Amino acid sequence: MKELALDYEYLIRRCHQCGRYGVPGANADTYRGLITKSIRYKEAKEKNEKGKSEASLETFIEASNEYFYRLGEVTAYLDTALEIGKKKFKSQLSETDIDNLDKIQEELYNADLDRIDTIIKKAEKIFVNAKIFP
């Protein structure tokens, strides 16, 4: 599977027209942090389901908090970037592109890591086809 961290960074930078660290979230490390927390969350969830010890429950709660915090952070950065991208490049995007970006933004409201991966791919394709680059 292709690493989507750089695609995430390029999408944020493309929409904001900035360099790395030009706006909050405009770096691949933000997305990599989400991946790391997702792995830790899944492992803690498995351990918690197998054994009902107090330690595994505490680890699961901590991992859940960290994962969902990062998920919300990445989702917010993507939502903001897509909104700015739609406004900034309205003249370069077709009506269909804007409608598709609206649908992509709606998908963010119930996002998990897999859905965010799909959202990044779809949004990147729209902006690249419109020849919008960071």
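The values are calculated or read from the model by the stated rules, or taken from the named source; none is laboratory data. Nothing here was measured: the structure is a model prediction, and the numbers come from that model. Note that we place each Cβ from the backbone using ideal geometry, even for glycine, and neighbour counts take in every protein chain shown.
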Qualifying residue in the range 23-34 (condition: more than 24 Å from residue 3 (Cα to Cα), touching a helix residue (DSSP H, G or I) at 6+ places or on another chain (Cβ under 7 Å), in contact (Cβ under 8 Å) with a residue 40 or more places away in the chain and among the hydrophobic types (A, V, I, L, M, F, W, C)): no
The range 1-22, subset touching a residue at least 40 places away in the same chain (Cβ under 8 Å) and in a loop (DSSP other than H, G, I, E, B), residue surrounded by the most Cβ atoms within 10 Å (Cβ to Cβ): 4
Selection within the range 23-54 - of a type in the set (Lys, Arg) and surrounded by 20 or more Cβ atoms within 10 Å (Cβ to Cβ): 37
Qualifying residue in the range 21-43 (condition: more than 22 Å from the chain's Cα centre (by Cα), modelled with pLDDT under 95 and of a type in the set (Asp, Glu)): no
Considering residues of the range 102-134 that are over 12 Å from the mean Cα position of the chain (by Cα) and in a loop (DSSP other than H, G, I, E, B) only, the residue surrounded by the fewest Cβ atoms within 10 Å (Cβ to Cβ): 131
Residue in the range 93-101 that is farther than 24 Å from residue 5 by Cβ and not in a helix (DSSP H, G or I) present: yes
Residues within the range 25-40 that are of a type outside the set (Gly, Ala, Ser), out of contact with any Gly (no Cβ under 9 Å at 6 or more places or on another chain) and closer than 13 Å to residue 8 by Cβ, tallied: 6
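For the range 79-103, what are the residues that are aliphatic (A, V, I, L, M) and either in contact with a strand residue (DSSP E or B) (Cβ under 7 Å, 6 or more places away or on another chain) or closer than 17 Å to residue 9 by Cα (or both)? Steps first, answer last, please.
Step one: list which residues in the range 79-103 are aliphatic (A, V, I, L, M), which gives 81-82, 84, 93, 98, 101.
Within the range 79-103, 81, 82, 84 qualify.
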Cβ-Cβ under 7 Å pairs, at least 6 apart or on other chains, the range 103-127 side free of Cβ contacts under 8 Å to residues at least 40 places away in the same chain and on the phi < 0 side of the Ramachandran plot, far side assigned to a helix (DSSP H, G or I) and of a type in the set (Ser, Thr, Tyr): 108/75
